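Asker: Let me begin by handing over the structure; questions about it come next.
The values are calculated or read from the model by the stated rules, or taken from the named source; none is laboratory data. Small disclaimer: the values here were computed from a predicted structure and weren't measured. Here Cβ is always computed from backbone atoms with ideal geometry, including for glycine, and neighbour counts include all displayed protein chains. These area figures cover heavy atoms from the full protein model, side chains too; ligands, DNA and RNA do not enter into them. Shrake-Rupley method; radii C 1.70, N 1.55, O 1.52, S 1.80 Å.
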2 protein chains.
Amino acid sequence: MADKKQIGAQSLSFDTPVYIRSAASIVGPKEGNGPLKDTFDRIVEDATFGKDSWEEGESEMMKQTSMLALEKAKMKAEDIRYLFAGDLLGQLIATTFGLMDFNIPLFGLYGACSTMGEALSLGAMSVNAGYADNVLAVVSSHFGGAEKQFRFPLEYGNQRPMSSTWTVTGCGAFVLSKEYGDTMITGITTGKVVDYGVKDSLNMGACMAPAAADVIYQHLKDFKRKPEDYDRIVTGDLGKVGKEILCKLLKDQKIDIADVHMDCGMVIYDDPEQDTHSGGSGCGCSAVTLAGKLLNEIRRGEWERILFVPTGALLSTVSYNEGRSVPGIAHAVVIERRK
Amino acid sequence: MADKKQIGAQSLSFDTPVYIRSAASIVGPKEGNGPLKDTFDRIVEDATFGKDSWEEGESEMMKQTSMLALEKAKMKAEDIRYLFAGDLLGQLIATTFGLMDFNIPLFGLYGACSTMGEALSLGAMSVNAGYADNVLAVVSSHFGGAEKQFRFPLEYGNQRPMSSTWTVTGCGAFVLSKEYGDTMITGITTGKVVDYGVKDSLNMGACMAPAAADVIYQHLKDFKRKPEDYDRIVTGDLGKVGKEILCKLLKDQKIDIADVHMDCGMVIYDDPEQDTHSGGSGCGCSAVTLAGKLLNEIRRGEWERILFVPTGALLSTVSYNEGRSVPGIAHAVVIERRK
């Protein structure tokens, strides 16, 4: 038997940790002007990445970020056994066109903005089980493509309510390996779809907060841990509105995460100066914050262990326009400094 | 170490097999009038499943099929540790709304019509590694929803060229377990995105055939097997046009699969009587054919071992209308009779 363990109802604990051998991030100009600018590997001034459309630009961003992650790991595409990847666009076209030249077997994933958690979870499961020595987990989002698909094309110039978040133009790529790496994944808690009936596609934080609360509650229960066992519990992109709801929902369960909670969506932009309203969102939001700031803090010993919880709003224009609610999902990943 | 093995460049061989404990299929009226009608668990006369939209109908179909698979396995939702599920709709809304009431941790997957192969692969990997005792793999497609999303709304009444396929209204659900079951998964080969530059969204067979050829070639190489080691090599939904291309591409590599090849898209409808043109397609096509006919043949001893190869066309209306090609992907799963 491998040294993996089912823990509680929804979690796995990896006795043999899975190492994060390299991490790379590329972002657009707005993110590059924000508070985390010094933590990204590359800031691109032209958000089309020199291509003819937002979608092709996002593909190019995924390609460049993946190449950078491989370079940092001193690996070639042939060294990677599986790709776990996804994005926000319908039918994952950013992933398809961005990553096909790598010629790596692909598991295409969709978990809305929680996809980074899903990719790291399945990637770590594969490495821990011995199915792969190295895998690449990549997710991205793009403001232009996401607004066009989910809300209004940028040219329309709609007003954004204060509860709305700003989709991060950014991609994070991670090589997970059975050896090497100064940070590691030691456990995961896989989330369920949680629906509180919120119907406002411009208030994604409220849609996702119940799912985040659900998976954090379950994680602490499964691992028999308390919030203070983590230096940070880091949600993906709840924004200001979602953060309040999350903390309240957990407080109702007698769990207080206020002292250790951090939300990637609230640290990636400088508000109100950058005028994003409720903060950042998108798969790329948690991905580039992890690849930059979060792993940096762990590497330099500021933090020993964090719970990384990307959060997704399962929104489709079709379901939304047919009057359905926007359910949420979130996946939790335990990331620690190498002992 | 667990008894799993990396085989060749893209495959895994499970020395401890993963059992298919139950399989369920529900289809719409057109499929219920086709040659496989006696193999489906349930045929529904109203393709909206009593709901207000195609999308909600598809969700209801996924729900009912999953419940049926659980019933057949004599299990409850609580017995299932993970859901591996997907559909063709943007942001997987059929999956989200259809399966959320089961309250099972979800890995959302997108591999176009190859998703059944992806779900069975990741599900089998999880069970074999000991991460779960039981998982549920579910995929679906729906003619009304797919035409509306990918091509033209049904009300538009467009003419369909002879190369076009008919999206199957159907859902297949499978409980995979570490024990019990008269059929089993003994290996997988995970496919890459393959792009031959075909740009015709009404000729999906031609888009997918190169990916099917690639993964079948690699599978036979990795496992050191020949086509005749399989009673059938079953592709998902290449249709007549795609089948010819597949056989030719493999023949160019000196592999002749003509005697053992079968395509789910070519057996699910009775053409030309049912007027589908090049055959059936959609995630549901391979899923319901596996749940019905294919597993039946294995169970009753007609076949000992098949290679199941769902095939996907990575088509988006956005990428397509921006002039991009339609790349393909396919995933291969070895299914055998219990020894």
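Asker: Do we have any residue at all in the range B:18-33 that's within 11 Å of chain A (Cβ to nearest Cβ), over 30 Å from A:Ala146 (Cα atoms) and surrounded by fewer than 18 Cβ atoms within 10 Å (Cβ to Cβ)?
Answerer: No, there is no match, as no residue in the range B:18-33 is within 11 Å of chain A (Cβ to nearest Cβ), over 30 Å from A:Ala146 (Cα atoms) and surrounded by fewer than 18 Cβ atoms within 10 Å (Cβ to Cβ).
Asker: Among what's in the range A:126-140 and is more than 7 Å from every other protein chain (Cβ to nearest Cβ) and in contact (Cβ under 8 Å) with a residue 60 or more places away in the chain, pick the residue that is farthest from A:Ser177 (Cα to Cα).
Answerer: Among those that are more than 7 Å from every other protein chain (Cβ to nearest Cβ) and in contact (Cβ under 8 Å) with a residue 60 or more places away in the chain, it is A:Ser140.
Asker: Among the numbered criteria (1) farther than 18 Å from B:Phe174 by Cα; (2) in contact (Cβ under 8 Å) with a residue 12 or more places away in the chain; (3) more than 7 Å from chain A (Cβ to nearest Cβ), which single criterion is violated by B:Leu92?
Answerer: Answer for B:Leu92: the failing condition is (3).
Asker: Among the residues of the range B:35-46, which ones are surrounded by 20 or more Cβ atoms within 10 Å (Cβ to Cβ) and over 19 Å from the mean Cα position of the chain (by Cα)?
Answerer: B:Val44 - this is the single residue of the range B:35-46 that is surrounded by 20 or more Cβ atoms within 10 Å (Cβ to Cβ) and over 19 Å from the mean Cα position of the chain (by Cα).
Asker: While we're here: Residues of the range B:224-239 being out of contact with any Asp or Glu (no Cβ under 8 Å at 6 or more places or on another chain) and either assigned to a loop (DSSP other than H, G, I, E, B) or within 16 Å of B:Ser163 (Cα to Cα) (or both), which ones?
Answerer: Listed by number, the residues that qualify are B:Lys224, B:Arg225, B:Lys226, B:Tyr230.
Asker: Scanning for something closer than 26 Å to B:Lys30 by Cα, crowded, with 24+ Cβ neighbours inside 10 Å, modelled with pLDDT under 95 and not β-branched (Val, Ile, Thr), does the range B:166-180 turn up at least one residue?
Answerer: Looking through the range B:166-180, at least one residue is closer than 26 Å to B:Lys30 by Cα, crowded, with 24+ Cβ neighbours inside 10 Å, modelled with pLDDT under 95 and not β-branched (Val, Ile, Thr).
Asker: When you go through B:Leu290, B:Leu220, B:Leu250, B:Leu246 one by one, which is the residue that is in contact (Cβ under 8 Å) with a residue 40 or more places away in the chain, part of a helix (DSSP H, G or I) and under 27 Å from B:Ile7 (Cβ atoms)?
Answerer: B:Leu290
Asker: So, A:Ala258, is that one open to solvent by 50 Å² or more (accessible area, probe 1.4 Å), at pLDDT 95 or above and of a type in the set (Gly, Ala, Ser) or not? If you could, list the steps in order and put the result at the bottom.
Answerer: Numbers: open to solvent by 50 Å² or more (accessible area, probe 1.4 Å): yes; at pLDDT 95 or above: yes; of a type in the set (Gly, Ala, Ser): yes.
Yes: the conditions hold for A:Ala258.
Asker: Can you tell me which residue in the range B:77-126 is nearest to A:Val194 (Cα to Cα), limited to those that are acidic (Asp, Glu) and open to solvent by less than 10 Å² (accessible area, probe 1.4 Å)?
Answerer: Step one: list which residues in the range B:77-126 are acidic (Asp, Glu), which gives B:78-79, B:87, B:101, B:118.
Now drop any that are not open to solvent by less than 10 Å² (accessible area, probe 1.4 Å), which leaves B:87, B:118.
Numbers: B:Asp87: 19, B:Glu118: 24 Å.
Filtering the range B:77-126 for residues that are acidic (Asp, Glu) and open to solvent by less than 10 Å² (accessible area, probe 1.4 Å), the one nearest to A:Val194 (Cα to Cα) comes out as B:Asp87.
Asker: B:Leu220 versus (1) of a type in the set (A, V, I, L, M); (2) within 12 Å of chain A (Cβ to nearest Cβ); (3) out of contact with any Leu (no Cβ under 6 Å at 6 or more places or on another chain): which is the lone unmet condition?
Answerer: In the conditions (1) of a type in the set (A, V, I, L, M); (2) within 12 Å of chain A (Cβ to nearest Cβ); (3) out of contact with any Leu (no Cβ under 6 Å at 6 or more places or on another chain), B:Leu220 misses (2) alone.
Asker: Here's another thing I want to ask about it. Take A:Met75 and decide whether it is at pLDDT 95 or above and assigned to a loop (DSSP other than H, G, I, E, B).
Answerer: Details: at pLDDT 95 or above: yes; assigned to a loop (DSSP other than H, G, I, E, B): yes.
So A:Met75 passes the test.
Asker: Just for the range A:322-339: of the residues that are in a strand (DSSP E or B) and not small (Gly, Ala, Ser), which one is most open to solvent (accessible area, probe 1.4 Å)? Talk me through it step by step, then tell me what you get.
Answerer: Step one: list which residues in the range A:322-339 are in a strand (DSSP E or B), which gives A:328-330, A:332-337.
Filter again for not small (Gly, Ala, Ser), leaving A:329, A:333-337.
Values: A:Ile329: 5, A:Val333: 0, A:Val334: 1, A:Ile335: 0, A:Glu336: 16, A:Arg337: 74 Å².
Restricting to residues being in a strand (DSSP E or B) and not small (Gly, Ala, Ser), the top hit is A:Arg337.
Asker: Another one. Take the range A:181-203 and flag every residue that is at pLDDT 90 or above and either assigned to a strand (DSSP E or B) or more than 14 Å from chain B (Cβ to nearest Cβ) (or both).
Answerer: Kept after step one, since they are at pLDDT 90 or above, are these residues of the range A:181-203: A:182-195.
Listed by number, the residues that qualify are A:Asp182, A:Thr183, A:Met184, A:Ile185, A:Thr186, A:Gly187, A:Ile188, A:Thr189, A:Val194.
Asker: Of (1) of a type outside the set (Val, Ile, Thr); (2) part of a helix (DSSP H, G or I); (3) within 13 Å of chain B (Cβ to nearest Cβ); (4) open to solvent by less than 10 Å² (accessible area, probe 1.4 Å), A:Gly312 satisfies all except one. Which?
Answerer: For A:Gly312, the exception is condition (2).
Asker: For the structure I just gave you, tell me whether B:Lys240 is at pLDDT below 95 and open to solvent by 50 Å² or more (accessible area, probe 1.4 Å). Show your work before the answer.
Answerer: Values: at pLDDT below 95: yes; open to solvent by 50 Å² or more (accessible area, probe 1.4 Å): yes.
Criteria met by B:Lys240.
Asker: Kindly indicate which of A:Met100, A:Met75 is in contact (Cβ under 8 Å) with a residue 40 or more places away in the chain and of a type in the set (A, V, I, L, M).
Answerer: Details: A:Met100 fails: in contact (Cβ under 8 Å) with a residue 40 or more places away in the chain.
None of the others qualify; the one that does is A:Met75.
Asker: Could you tell me which residue of the range B:78-93 is farthest from A:Tyr110 (Cα to Cα), considering only residues that are in contact with a strand residue (DSSP E or B) (Cβ under 8 Å, 6 or more places away or on another chain) and at pLDDT below 95? Write out each step before concluding.
Answerer: Of the range B:78-93, the ones in contact with a strand residue (DSSP E or B) (Cβ under 8 Å, 6 or more places away or on another chain) are B:79-88, B:92.
From the residues that got through so far, the ones that are at pLDDT below 95 too are B:88, B:92.
On the way: B:Leu88: 11, B:Leu92: 8 Å.
Of everything passing the filter in the range B:78-93, B:Leu88 is farthest from A:Tyr110 (Cα to Cα).
Asker: Within the range B:53-86, count every residue that is more than 10 Å from chain A (Cβ to nearest Cβ) and not small (Gly, Ala, Ser).
Answerer: Result for the range B:53-86: 17.
Asker: Does at least one position in the range A:56-70 carry a residue that is assigned to a loop (DSSP other than H, G, I, E, B) and either small (Gly, Ala, Ser) or crowded, with 20+ Cβ neighbours inside 10 Å (or both)? Steps first, answer last, please.
Answerer: Here is the first cut: in the range A:56-70, the residues assigned to a loop (DSSP other than H, G, I, E, B) are none.
No, every residue in the range A:56-70 fails to be assigned to a loop (DSSP other than H, G, I, E, B) and either small (Gly, Ala, Ser) or crowded, with 20+ Cβ neighbours inside 10 Å (or both).
Asker: While we're looking at this one, here's another question. I'd like to verify a number: residues in the range A:100-125 that are facing another protein chain (nearest Cβ under 7 Å), over 18 Å from the mean Cα position of the chain (by Cα) and assigned to a helix (DSSP H, G or I), how many?
Answerer: Matching residues across the range A:100-125 total 1.
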